[in-house]
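Heads up, the thing below is written out as structure tokens.
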Amino acid sequence: MPLYLASPCSPAAAAKLVACVRASPHSRHLVRAPHHPASRRISLLSSSAAERGPSPAMAAAEAGASAAPSSGVKQALISLSDKTDLANLGRCLQSLGFSIISTGGTASSLEAAGVNVTKVEQITHFPEMLDGRVKTLHPSIHGGILARRDQEHHLKALNEHGIGTFDVVVVNLYPFYNKVTSGAISFEDGIENIDIGGPTMIRAAAKNHTDVLVVVDHEDYPALLEYLQGKQDDQQFRKMLAWKAFQHVASYDSAVSEWLWKQSNKGDIFPPSFTVPLSLKSTLRYGENPHQKAAFYGDRSLSVHNAGGIATAVQHHGKEMSYNNYLDADAAWNCVSEFENPTCVVVKHTNPCGVASRQDVLEAYRLAVKGDPVSAFGGIVAFNTTIDEDLAKEIREFRSPTDGETRMFYEIVVAPGYTEKGLQVLKGKSKTLRILEAKRSGKGMLSLRQVGGGWLAQESDDLAPEDIPFTTVSQKAPTDSELSDAKFAWLCVKHVKSNAIVIAKNNCMLGMGSGQPNRVDSLRLAFRKAGEEAKGAALASDAFFPFAWKDAVEEACENGIGVIAEPGGSMRDKDAIDCCDKYGVSLVFTGVRHFRH
């Protein structure tokens, strides 16, 4: 966030700025300076070798005595691509007695703000070269960063070569991530946006954090200034800055690595090794259960930039999201995003318990809830259309089909957008109702899942009905409406936990069975929920039927199902075909399995 300091900045003004930022809702991102701030400091500092005489500490080192604290000029090295709050930082550091060393555009910005600056080339006695590729890669810079103040031979070496130390290093990097995600860029342009000098300075300062404060985030400037005004040294604060610095460089390098892999291995989505850069978005109340601690992280991988999904959803209203809320909202959003026509999906414990598509989305909502009103109560409702005032009123006032009186309660409503009136009405349903606005989930993502000691990676299951053949293998071919029902059921069943069975008709899920160790029990659950409406409907199975006679296939036929869609591939496929032919039921093979564990 932008910060505004008086110029010149007094310590009192800097303290006031810290208090201001702490009051900000974004202040949780700051690395906190301790309340008993710091600093024991040994300084061997000057503006250039030509101007510098030996400091008392250097003289002591040369004489073989232990290095002692010096009252010499303190130096801060600043080199920034993102210059947010740079002028304020420079003024404050200068008012705290720091001599500021800087590079190129950063130095120009500081000078324009009235800050006295010594340019890096005045320290190195060497101009920038190779189109700016070489600026700070010099012993006069890195010696001053890496020298340990408690090592006499380090101080002696600095003195021999006329090198001063740095107490503060403030660096951020070329915007590589933003550059390569902003659109099509040439390979050469991408390469030129890989920072070399910046990560080197950051890593050097972080390694020597005992003596050097390293800052990579402008939101940490107030904490830095507060710390520098202190009278005690706090190594924990320094360690936190060093951790953040190394993490910053690691995340940066992961983006470069990911980009280069894609540039050089366009057909292979599984590199021999890779890093997933995660950024903490929130600490959650607890995990799946109250005794488990939990947090929510956003993925900064290039592959998911602008990919949509629940992780990037905007919350307009309601209680903070919980661990289970995220899982359920993700399941609901992924399912409803599959459908092109106006659709409502109701999810409970990551399983869709109601799905309906209609041109009239109000009707779709009513039918989705009716599919399993008991499960829908306390569930998550997702739409793939904008929620307007009429739909919001229906969601707010709709009564449970079980008794016609109880107003339906939901944990979350998620949609791609809301009208102003629609959002206003929906907020009136409950103070706790979480209202999310999400962007449609992208396709072609890499799916990761943790197992003990490792991770599984796979392509996302993006196949749609139009991507596969529905091959009739029975004597009776399905009618157009039956085939449409089969495709709808097939699209639903891919989002139900295995073993999964879905019964659907007229673009509405009538019943589903999920998560059973055997397919027969899942089938029976689906029929129990569908009731008499199952007659003439379509049934989809996420995997083939291992048995037919006196098993799931025959039971489905006896219950009056009209068409069955399954992958096929069983040793007993012929039994399933013969069984369907006996009962006059259409059977189609998709050739595609939809296991979901």
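The values are calculated or read from the model by the stated rules, or taken from the named source; none is laboratory data. Just so you know, these numbers come straight off a predicted model, no measurement behind them. Ideal geometry is used to build each Cβ from the backbone, glycine not excepted, and the neighbour counts take in all protein chains shown. Ligands, DNA and RNA are excluded from the accessible area calculation, which covers all protein heavy atoms including side chains. Shrake-Rupley method; radii C 1.70, N 1.55, O 1.52, S 1.80 Å.
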**Unique residue being surrounded by fewer than 18 Cβ atoms within 10 Å (Cβ to Cβ) and of a type in the set (Val, Ile, Thr) when the list is ILE163, ILE202, ILE196** = ILE196
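ALA526: within 19 Å of GLN475 (Cα to Cα) and either touching a residue at least 24 places away in the same chain (Cβ under 8 Å) or touching a Ser or Thr at 6+ places or on another chain (Cβ under 7 Å) (or both), yes or no?
Details: within 19 Å of GLN475 (Cα to Cα): no; either touching a residue at least 24 places away in the same chain (Cβ under 8 Å) or touching a Ser or Thr at 6+ places or on another chain (Cβ under 7 Å) (or both): yes.
The answer is no for ALA526.
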**Asked** Would you say SER264 is touching a strand residue (DSSP E or B) at 6+ places or on another chain (Cβ under 7 Å) and open to solvent by 50 Å² or more (accessible area, probe 1.4 Å)?
**Response** no
**Complete:** Pairing a residue in the stretch 278-306 that is within 25 Å of ALA255 (Cα to Cα) with any residue that is assigned to a loop (DSSP other than H, G, I, E, B) and of a type in the set (Val, Ile, Thr), where Cβ atoms lie under 8 Å and the two sit 6 or more apart in sequence or on different chains, gives ASP299/VAL276; SER301/VAL276
**Complete:** In the set LEU433, LEU483, the lone residue that is in contact with a strand residue (DSSP E or B) (Cβ under 9 Å, 6 or more places away or on another chain) and within 30 Å of LYS574 (Cβ to Cβ) is LEU483
**Asked** Just to be sure, is ARG358 open to solvent by 10 Å² or more (accessible area, probe 1.4 Å), among the basic types (Lys, Arg) and within 20 Å of ARG440 (Cα to Cα)?
**Response** yes
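Could you identify the single residue in LYS319, LYS348 that is in contact with a Ser or Thr (Cβ under 7 Å, 6 or more places away or on another chain), open to solvent by less than 70 Å² (accessible area, probe 1.4 Å), of a type in the set (Lys, Arg) and farther than 30 Å from ASN178 by Cβ? Even if it seems obvious, please write down each step before you answer.
Working: LYS319 fails: open to solvent by less than 70 Å² (accessible area, probe 1.4 Å).
Within the list LYS319, LYS348, the selection yields LYS348.
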**Prompt:** Which residue pairs have Cβ atoms under 9 Å apart, sit 6 or more places apart or on different chains, and have a first residue in the stretch 136-154 that is open to solvent by 50 Å² or more (accessible area, probe 1.4 Å) and a second that is acidic (Asp, Glu) and assigned to a loop (DSSP other than H, G, I, E, B)?
**Reply:** ARG148/ASP211; ASP150/ASP211
**Fill in**
Those residues of the stretch 477-497 which are under 19 Å from PRO342 (Cβ atoms), open to solvent by less than 10 Å² (accessible area, probe 1.4 Å) and in contact with a Pro (Cβ under 8 Å, 6 or more places away or on another chain) amount to CYS492
**Request:** Quickly run through the stretch 175-190 and pick out the residues that are loosely packed, with under 14 Cβ neighbours inside 10 Å and among the aromatic types (Phe, Trp, Tyr).
**Result:** PHE187
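For (1) aliphatic (A, V, I, L, M); (2) modelled with pLDDT of 90 or more, each residue gets a yes or a no:
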residue: GLN458; (1), (2): no, no
residue: PRO469; (1), (2): no, yes
residue: ALA477; (1), (2): yes, yes
residue: ASP485; (1), (2): no, yes
**Complete:** The correct count of residues that are in contact with a Ser or Thr (Cβ under 8 Å, 6 or more places away or on another chain), open to solvent by 70 Å² or more (accessible area, probe 1.4 Å), part of a loop (DSSP other than H, G, I, E, B) and over 20 Å from THR432 (Cβ atoms) in the stretch 282-316 is 2
